[in-house]
Amino acid sequence: MKNHFFFSYAGNKRQEVEHIYNNINLEGIDTIVEPFCGSCAVSYYIWTQNKDKNYKYILNDLDDKLIELLRIIKKGEYKEIQDDVNRKREEILTYEDDKETAKNIYNNYIKNEKINGYILAHKYYTIKAGLFPMDLNYRMKKEFNLTSSPIFEFLTTANIELFNTDGNKIINDYNNEKSFIFLDPPYIASCNKFYSNDSNENTNNIYEFLSSKGLNNFKSKMLICHENNWLFKIIFKDYIDGEIEYEKIYQNKKKKKTTHICIKNY
């Protein structure tokens, strides 16, 4: 699937979403739940394939700025923020021949606690300190337009509820026969540091919660997508047999290769 989101997002499942979808069983389901939604790739793809069905989508993430952005778009209150981001982008571009000034303007803007800085930092992440490019005009020439991203229609038309809370709570709240829960938590025993968060909330307890209860003891249909590493194989050994692992390539400078797997309780 082509990039559906407003900007690049670490852990984005768009490259593997079709494989994940082929492992999903939505029979008897009316609610799609993502306790670690990120770019919402799976929910968005389910929606594209099932526009005739009025599924309810529960999207949760610990990234409060991400959820704030999704809420702003859902409410249609994004125009002023979008215009402000573009004004700052144009200001930075005027200093193309003065990279130090351009960098200072950029860094000061993204350091504030407002959603505007969050958007600029994620949209033009290669301009962060230490990666500030010489080709500013190439990196920032294109105007930032939220409405042009494919996910915009999903966020503004689908039946969506947004949450910024603990993923385990979301799982408990929607653990019923009518829910399908897709889990893409921070990976365990992984070198992909961008999956962790400052507090490590959910990172340390989600796998204990799932393994101690046992996937088969949840009422909801549940699917986990994870790197098929040694620790995951140990914790979920009862669910891996019969599942097909697949290659995953991280689009960084080294293009790290690994294998992922989907396991489920149905």
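The values are calculated or read from the model by the stated rules, or taken from the named source; none is laboratory data. Small disclaimer: the values here were computed from a predicted structure and weren't measured. Positions of Cβ are generated from backbone atoms using ideal geometry, with glycine treated the same way; all protein chains shown enter the neighbour counts. Remember, those area values only see protein heavy atoms, side chains included, never the ligands or the DNA or RNA. Shrake-Rupley method; radii C 1.70, N 1.55, O 1.52, S 1.80 Å.
Miscellaneous remarks
- Candidates 21, 9, filtered to the one that is modelled with pLDDT under 95 and of a type in the set (Phe, Trp, Tyr): 9
- Annotation: residue 224 fulfils all but one of (1) farther than 20 Å from residue 16 by Cα; (2) modelled with pLDDT of 95 or more; the unmet one is (1).
- Answer residue from region 115-136, given it is without any contact (Cβ under 8 Å) to a residue 24 or more places away in the chain and more than 15 Å from residue 87 (Cα to Cα) and is least open to solvent (accessible area, probe 1.4 Å) among those: 133
- Filter result for residue 144 (open to solvent by less than 70 Å² (accessible area, probe 1.4 Å) and either in contact (Cβ under 8 Å) with a residue 40 or more places away in the chain or assigned to a helix (DSSP H, G or I) (or both)): yes
- Once region 91-114 is narrowed to residues that are open to solvent by 50 Å² or more (accessible area, probe 1.4 Å) and in a helix (DSSP H, G or I), the residue that is nearest to residue 148 (Cα to Cα) is 91.
- Taken across region 68-83, residues that are aromatic (Phe, Trp, Tyr) and either assigned to a helix (DSSP H, G or I) or in contact with a Pro (Cβ under 9 Å, 6 or more places away or on another chain) (or both) do not occur at all.
- In region 33-48, residue most open to solvent (accessible area, probe 1.4 Å) [restricted to those that are assigned to a helix (DSSP H, G or I) and among the hydrophobic types (A, V, I, L, M, F, W, C)]: 47
- Counting residues in region 174-182 that are at pLDDT below 95 and open to solvent by less than 20 Å² (accessible area, probe 1.4 Å) gives zero.
- Applying the condition of being surrounded by fewer than 21 Cβ atoms within 10 Å (Cβ to Cβ) and acidic (Asp, Glu) to region 183-221 and asking which residue is modelled with the highest pLDDT yields 208.
- Index of the failed condition, residue 25 passing every other in (1) open to solvent by less than 20 Å² (accessible area, probe 1.4 Å); (2) not in a helix (DSSP H, G or I): (1)
- From the list 53, 88, the one residue that fits, being in a helix (DSSP H, G or I), among the charged types (D, E, K, R) and open to solvent by 20 Å² or more (accessible area, probe 1.4 Å), is 88.
- Every pair of residues 6+ apart whose Cβ atoms lie under 9 Å, when the first sits in region 85-103 and is small (Gly, Ala, Ser) while the second is open to solvent by 40 Å² or more (accessible area, probe 1.4 Å) and assigned to a helix (DSSP H, G or I): 102/91
- Residue check, residue 15 in contact (Cβ under 8 Å) with a residue 40 or more places away in the chain, of a type outside the set (Lys, Arg) and surrounded by fewer than 17 Cβ atoms within 10 Å (Cβ to Cβ): yes
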